[in-house]
1. Just to be sure before I move on: is THR13 in contact (Cβ under 8 Å) with a residue 40 or more places away in the chain, within 25 Å of GLY112 (Cβ to Cβ) and hydroxyl-bearing (Ser, Thr, Tyr) in the structure I sent?
2. So which residues in the stretch 88-102 are assigned to a helix (DSSP H, G or I) and either touching an Asp or Glu at 6+ places or on another chain (Cβ under 8 Å) or surrounded by fewer than 20 Cβ atoms within 10 Å (Cβ to Cβ) (or both), if there are any at all?
3. Hey, can you tell me all the residues within the stretch 1-53 that are of a type in the set (Lys, Arg) and touching a strand residue (DSSP E or B) at 6+ places or on another chain (Cβ under 8 Å)?
4. So if I check each of LEU76, LEU7, LEU30, LEU24, which one is over 20 Å from PHE119 (Cα atoms) and in contact (Cβ under 8 Å) with a residue 60 or more places away in the chain?
Amino acid sequence: MAHILYLGDQFATSGHRANAIKRLGHTVDLRDPYKEFGKMLSSWRGALHFRTGYTFLQSRMAKWLESIIKETSGRLDVIWVDSGELFGPECVMLLRKAKCPVILYNVDDPTGKRDGNRFNSLIKAIPDYDLIALVRKETAEECKALGGKRVMR
């Protein structure tokens, strides 16, 4: 069974997915960036970060991820990023230092227009993921056009 670093919201459907993976027998190390950066993602600051695609959070997010990678060094088989809106290219490149596949799973429409700039950091990081799993055919096609290596629906 695999040792998976799971980066996602522990209280939303992301947490349900992490628990389902555990029930399959895998070891899941769930880290919640929404909990870790809760104060920065709430109130007016959260609205600012949402509107700027989390650009101003990238250096803090990278430091947090770097400490996780150091802590879990050599033990990981897969890194699962749920949503990915908080992680830009620098963050994903840090995750790649774990020398295991880095997977993005996103149920939203990151390439659509509805959420404005919310997914700007994620879109820039698309070429850096080993696998991107999405739920919409159109989004999968757009991620391929943005440089996604392996994209599946």
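1. Values: in contact (Cβ under 8 Å) with a residue 40 or more places away in the chain: yes; within 25 Å of GLY112 (Cβ to Cβ): yes; hydroxyl-bearing (Ser, Thr, Tyr): yes.
Criteria met by THR13.
2. The initial filter retains those residues of the stretch 88-102 that are assigned to a helix (DSSP H, G or I), namely 89-96.
If the condition is that a residue be assigned to a helix (DSSP H, G or I) and either touching an Asp or Glu at 6+ places or on another chain (Cβ under 8 Å) or surrounded by fewer than 20 Cβ atoms within 10 Å (Cβ to Cβ) (or both), then PRO89, GLU90, VAL92, MET93, LEU94, ARG96 are the ones that fit.
3. At the first step, the residues of the stretch 1-53 found to be of a type in the set (Lys, Arg) are 17, 22-23, 31, 35, 39, 45, 51.
Residues satisfying the conditions are ARG17, LYS22, ARG31.
4. On the way: LEU7 fails: over 20 Å from PHE119 (Cα atoms); LEU30 fails: in contact (Cβ under 8 Å) with a residue 60 or more places away in the chain; LEU24 fails: in contact (Cβ under 8 Å) with a residue 60 or more places away in the chain.
Answer to the selection: LEU76.
Here's the yes/no breakdown for (1) closer than 24 Å to VAL28 by Cβ; (2) touching a helix residue (DSSP H, G or I) at 6+ places or on another chain (Cβ under 9 Å):
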| residue | (1), (2) |
| --- | --- |
| ASP77 | yes, no |
| TRP80 | yes, yes |
| GLY84 | yes, yes |
| ARG96 | yes, yes |
| LYS99 | yes, no |
| VAL102 | yes, yes |
| VAL107 | yes, yes |
| ASN117 | no, yes |
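Values quoted throughout were computed directly from the atomic coordinates according to the rules given, and no laboratory measurement underlies them. Just so it is clear, the model here is predicted, and its values are computed rather than measured. So basically every Cβ, Gly included, is an ideal-geometry build from the backbone, and we count neighbours across all protein chains shown.
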